[in-house]
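Have a look at the structure below before the remarks.
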Amino acid sequence: MASQNPTTRQIAMVLDLNKCIGCQTCTIACKKLWNTDTGTGYAYWNNVETLPGKGYPKDWVESGGRTPEGEVKAGRVPNLDDEYGRAWNFNHEAVRKRSGEGKEKPWLRPDGAPRWGANWDEDRGAGDYPQENHYFYLPRLCNHCTHPACLDACPRSAIEKRDEDGIVLVDQDRCHGYRFCVEACPYKKVYFDPKRQVSGKCIFCLPRIEEGVAPACARQCPGRLRFVGYLDDEAGPIWKLVNRYKVALPLHPEFELGPNVFYVPPMSPPKLDEKGRPTGEPRIPTEYLVGLFGKRVHEVLATLESEREKRRQGEPSELMDLLIAYDWNQNFALGPREREVL
Amino acid sequence: MIAAPVGLSPGGYVPKAYAERTAPKTPVAEFEAAKSGDVWQIRLRWACAEPHRELGDDVDRFIDAAAVLAPTVADAPMMTMGAPGKALEGALWRADRTGLIGVRAEGLGTVERGDAPEGWGAKAEWKAGRWSLDFELPGWSVLDARRRLAFAIWQGAEGGRGGLKSVSPGWIEIGT
């Protein structure tokens with residue numbers, strides 16, 4: 001186990017997967033803000049993937065992390081062609097010009113021959129239609145782990161975890177582009193820029209946080225499914241969702257890194273029997289969710305169902321009100337730090 | 001040459017993930033060192049079946065590289081890239097760059113890169129499965145004083161970078 005000490009404070013995010021519509025607004029908000037350089041075309045500090053699916057990069061879940069005993073697991077750097085996928089442009093102009101002319105159908109096509117991409121298996125999901133087909137969206141970003149594998153992997157100490165908020169940052173002036181951080185992070189949320197030959201990763205929109213503004217991915221989310229605040233703020237949404245109601249779970253806790261991004265797991269409508277009648281069994285197999293978020297999924301889904309039932313009966317539910325985000329201001333509990341004005 | 005001991009690499013990942021990497025990817029390298037006037041001329045040759053000269057836009061590709069180093073003080077340890085107050089200095093050649101990079105370190109993980117001293121340069125050629133690299137290093141006073149040097153070679157095709165390198169087994173005395 002890495003020896004990183006817990007920080008004085010830890011900023012965190014909770015994402016309610018029951019509300020994500022896969023619109024990718026968060027992805028674009030992040031991308032346009034932080035990753036428009038030539039060497040970062042493939043890099044999405046925030047992405048949204050469809051599950052069940054192989055994700056981005058492809059099959060990322062199979063590389064890196066630690067064993068339950070805390071031993072390092074060797075990872076690897078994904079390949080651009082087959083696992084990240086090269087960014088491409090579409091032939092919009094050609095299609096526009098040919099529209100309505102001749103017999104040949106003007107298909108919209110990529111300008112290369114991509115083999116994978118950031119949302120390659122969008123909306124495929126799993127299960128037979130119409131009895132049990134299902135999918136849901138999983139937005140992912142750096143987890144700003146309590147014990148970051150990337151930090152532990154860097155021989156140059158070019159990665160730090162800030163004591164005041166637990167945000168994990170790459171010092172690109174110290175980075176020599178070795179990519180051990182890319183290898184070691186099991187979430188594959190560190191990206192190498194081959195043009196500048198340095199690694200980069202989500203900075204939790206640090207300049208915004210320091211002004212008391214939530215990260216772009218959270219502020220731009222039309223579904224209001226993201227909550228941002230400090231883990232120790234008992235008046236804030238994070239503490240309520242993670243500690244009071246205990247409905248927010250880390251992704252792949254078995255990696256043993258202490259992620260500080262948490263998810264409210266998705267509920268799902270029932271499967272149908274051969275006559276089209278609801279069976280009462282959720283379409284998204286609970287054991288699949290256990291594989292993502294750990295064994296506590298059972299109790300979380302029970303809590304969510306119970307609180308939903310309260311609302312159906314007209315009873316109050318602070319948890320449901322919070323998750324619905326009637327008052328969007330309650331999604332974020334951040335305050336600008338006192339700072340010297342120059 | 002020997003494999004640089006990954007067990008010494010800083011951080012918790014490399015020593016565990018690369019524990020099996022005990023054999024050098026460049027078992028043999030040949031060198032010649034001579035001084036002509038003020039200029040140290042150092043030739044280094046090694047086998048390299050698959051040269052990696054550029055990254056392009058790939059993210060899982062690594063570059064061939066080599067370094068020549070000398071101690072700034074007599075007892076600077078070579079295998080740990082020096083120690084606090086006992087620096088190594090020298091030149092780093094990378095197959096994807098034209099000029100040399102100046103390097104200085106006072107221990108593992110402390111390498112600082114900068115401009116090489118004025119006039120330092122290198123010519124490299126890959127031919128028939130071998131790299132031939134000729135350093136021209138005028139005015140290298142540290143080597144003048146210490147008369148010992150060491151080499152490191154990174155094979156890009158073998159994922160060489162950082163501590164994943166082949167190194168001379170220790171300081172090589174070059175006489176007077």
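The values are calculated or read from the model by the stated rules, or taken from the named source; none is laboratory data. All figures in this text were calculated on a predicted structure; none of them were measured in a lab. Quick reminder, even Gly has a Cβ in these numbers, built from the backbone with ideal geometry, and neighbours come from all protein chains shown. Accessible surface areas use protein heavy atoms only, side chains included; no ligands, DNA or RNA. Shrake-Rupley method; radii C 1.70, N 1.55, O 1.52, S 1.80 Å.
Here are the numbers for the structure shown:
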| quantity | calculated |
| --- | --- |
| Selected residue (only one of A:I21, A:I11 is in contact (Cβ under 8 Å) with a residue 60 or more places away in the chain, open to solvent by 60 Å² or more (accessible area, probe 1.4 Å), more than 12 Å from chain B (Cβ to nearest Cβ) and aliphatic (A, V, I, L, M)) | A:I21 |
| Residue match in the range A:207-229 (condition: more than 15 Å from A:G64 (Cβ to Cβ), within 14 Å of another protein chain (Cβ to nearest Cβ) and not aromatic (F, W, Y)) | no |
| Counted residues, the range B:163-176 - those being open to solvent by 10 Å² or more (accessible area, probe 1.4 Å) and at pLDDT 95 or above | 7 |
| Test: residue in the range A:70-78 that is under 14 Å from the mean Cα position of the chain (by Cα) and either at pLDDT 95 or above or within 24 Å of A:R283 (Cβ to Cβ) (or both) | no |
| Candidates A:P110, A:P106, A:P130, filtered to the one that is away from every other protein chain (no Cβ under 14 Å), open to solvent by 10 Å² or more (accessible area, probe 1.4 Å) and either of a type in the set (S, T, Y) or touching a residue at least 60 places away in the same chain (Cβ under 8 Å) (or both) | A:P130 |
| Hits in the range A:290-304 (condition: in a helix (DSSP H, G or I) and either open to solvent by 80 Å² or more (accessible area, probe 1.4 Å) or of a type in the set (V, I, T) (or both)) | A:V290, A:V297, A:H298, A:E299, A:V300, A:T303 |
| Subset of the range A:44-79 (residues that are more than 14 Å from chain B (Cβ to nearest Cβ), open to solvent by 20 Å² or more (accessible area, probe 1.4 Å) and in contact with a Phe, Trp or Tyr (Cβ under 8 Å, 6 or more places away or on another chain)) | A:W45, A:P52, A:G53, A:K54 |
| Listing of strands (runs of 3 or more DSSP E) fully contained in the range B:26-143 that carry 1 or more residues being within 14 Å of chain A (Cβ to nearest Cβ), free of Cβ contacts under 8 Å to residues at least 40 places away in the same chain and surrounded by 14 or more Cβ atoms within 10 Å (Cβ to Cβ) | B:88-94, B:101-105 |
| Which numbered condition A:F180 misses (of (1) crowded, with 23+ Cβ neighbours inside 10 Å; (2) in contact with a strand residue (DSSP E or B) (Cβ under 8 Å, 6 or more places away or on another chain)) | (2) |
| The listed residue being touching a strand residue (DSSP E or B) at 6+ places or on another chain (Cβ under 9 Å) and exposed (fewer than 15 other Cβ atoms within 10 Å of the Cβ), out of A:P265, A:P269 | A:P269 |
| Of all residues making up the range A:65-79, the number that are part of a loop (DSSP other than H, G, I, E, B) and in contact with a Gly (Cβ under 7 Å, 6 or more places away or on another chain) | 2 |
| Residue tally, condition more than 8 Å from every other protein chain (Cβ to nearest Cβ), open to solvent by 10 Å² or more (accessible area, probe 1.4 Å) and either touching a His at 6+ places or on another chain (Cβ under 9 Å) or over 18 Å from A:L257 (Cα atoms) (or both), over the range A:137-161 | 2 |
| Check on A:K201, more than 9 Å from every other protein chain (Cβ to nearest Cβ) and open to solvent by less than 10 Å² (accessible area, probe 1.4 Å) | yes |
| Sole exception among (1) buried (at least 19 other Cβ atoms within 10 Å of the Cβ); (2) farther than 16 Å from B:A70 by Cβ for B:A150, by number | (2) |
| Qualifying positions in the range B:54-74 - more than 16 Å from the chain's Cα centre (by Cα) and more than 24 Å from B:L88 (Cα to Cα) | B:E54, B:L55, B:G56, B:D57, B:D58, B:V59, B:D60, B:R61 |
| Residue identified as assigned to a helix (DSSP H, G or I) and either surrounded by 12 or more Cβ atoms within 10 Å (Cβ to Cβ) or within 14 Å of chain B (Cβ to nearest Cβ) (or both) among A:D121, A:D82 | A:D82 |
| Any pair with Cβ under 6 angstrom, 6 or more apart, that starts in the range A:276-289 at a residue that is on the phi > 0 side of the Ramachandran plot and ends at one that is of a type outside the set (K, R) and outside any helix (DSSP H, G or I) | A:G280/A:P270 |
| Residues (within 13 Å of chain B (Cβ to nearest Cβ) and open to solvent by 10 Å² or more (accessible area, probe 1.4 Å)) located in the range A:24-43 | A:D37, A:T38, A:T40, A:G41, A:Y42 |
| Selection from the range A:57-93 of residues that are touching a Lys or Arg at 6+ places or on another chain (Cβ under 8 Å), of a type in the set (D, E) and farther than 16 Å from A:W116 by Cα | A:E71 |
| Looking only at the range B:1-25, and only at residues there that are facing another protein chain (nearest Cβ under 8 Å) and of a type outside the set (A, V, I, L, M), the one that is surrounded by the most Cβ atoms within 10 Å (Cβ to Cβ) | B:Y13 |
| Residue list for the range A:229-258, filter: part of a loop (DSSP other than H, G, I, E, B), open to solvent by less than 10 Å² (accessible area, probe 1.4 Å) and under 22 Å from A:I284 (Cβ atoms) | A:V247, A:A248, A:L251 |
